[in-house]
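Have a look at the structure below, then the notes.
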Amino acid sequence: MGTRFVATHECDADIKFKEAYIGCKKEDLKIIKSPVGLLGRAIQNSFLNKVSAGIKVPFRCPWKCLKTCNYRESPYCIALALTNAKKGNLDDGFTFAGTNAYRIDKIISVKELIDTILKEYEKVISYKV
């Protein structure tokens with residue numbers, strides 16, 4: 001459910017971040033391994049293409065936020081990449097996304113999203129076999 005709330009007017013992510021969800025296709029969603037060793041689903045983009053090609057994005061670790069991150073060997077800083085993406089700088093970051101991100105086709109308000117969810121729920125529970 002969290003994925004759908006990204007493409008709402010109320011979400012504070014940059015419009016480019018939201019548009020990444022709207023523009024992605026099912027095949028753009030890839031499972032990646034983060035520098036801290038965890039797997040996640042992300043929308044393939046030029047930043048991830050560079051990482052996959054073995055290009056290391058040099059950085060100094062300003063945060064030391066995760067013990068499992070060896071910043072001397074990591075190809076990029078996960079915190080910096082996600083912060084860049086949230087700000088709309090997708091050349092230096094990427095977007096994590098849920099399995100169904102490709103189904104999002106427009107930015108709507110949270111109210112409209114909740115209304116839609118409630119209507120769909122009412123339709124399902126009123127269905128008689």
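The values are calculated or read from the model by the stated rules, or taken from the named source; none is laboratory data. For clarity, every value in this text was computed on a predicted model and none was experimentally measured. A quick note on method: Cβ atoms are made from the backbone with ideal geometry, for glycine too, and the neighbour counts reach across all protein chains shown.
Look at (1) over 23 Å from HIS9 (Cα atoms); (2) in contact with a Gly (Cβ under 9 Å, 6 or more places away or on another chain); (3) surrounded by fewer than 16 Cβ atoms within 10 Å (Cβ to Cβ); (4) at pLDDT 90 or above and you find that LYS87 fails only one, number (1).
For LEU66, state whether it is surrounded by 12 or more Cβ atoms within 10 Å (Cβ to Cβ) and touching a residue at least 40 places away in the same chain (Cβ under 8 Å). Let's see the steps before the verdict.
On the way: surrounded by 12 or more Cβ atoms within 10 Å (Cβ to Cβ): yes; touching a residue at least 40 places away in the same chain (Cβ under 8 Å): no.
No: the conditions fail for LEU66.
What helices (runs of 4 or more DSSP H) completely inside the stretch 1-57 contain at least 1 residues that are surrounded by fewer than 17 Cβ atoms within 10 Å (Cβ to Cβ) and aromatic (Phe, Trp, Tyr)?
On the way: elements: 2-6, 15-23, 46-52.
Result: 2-6.
If we scan the stretch 105-127, do we find a residue that is in contact with a Phe, Trp or Tyr (Cβ under 8 Å, 6 or more places away or on another chain), in a loop (DSSP other than H, G, I, E, B) and surrounded by 10 or more Cβ atoms within 10 Å (Cβ to Cβ)? No, that holds for no residue. Annotation note: Cβ proximity below 7 Å between a residue of the stretch 85-101 that is over 14 Å from SER46 (Cβ atoms) and part of a loop (DSSP other than H, G, I, E, B) and a residue that is small (Gly, Ala, Ser) and at pLDDT 95 or above (sequence gap 6+ or interchain) occurs for ALA97/ALA42.
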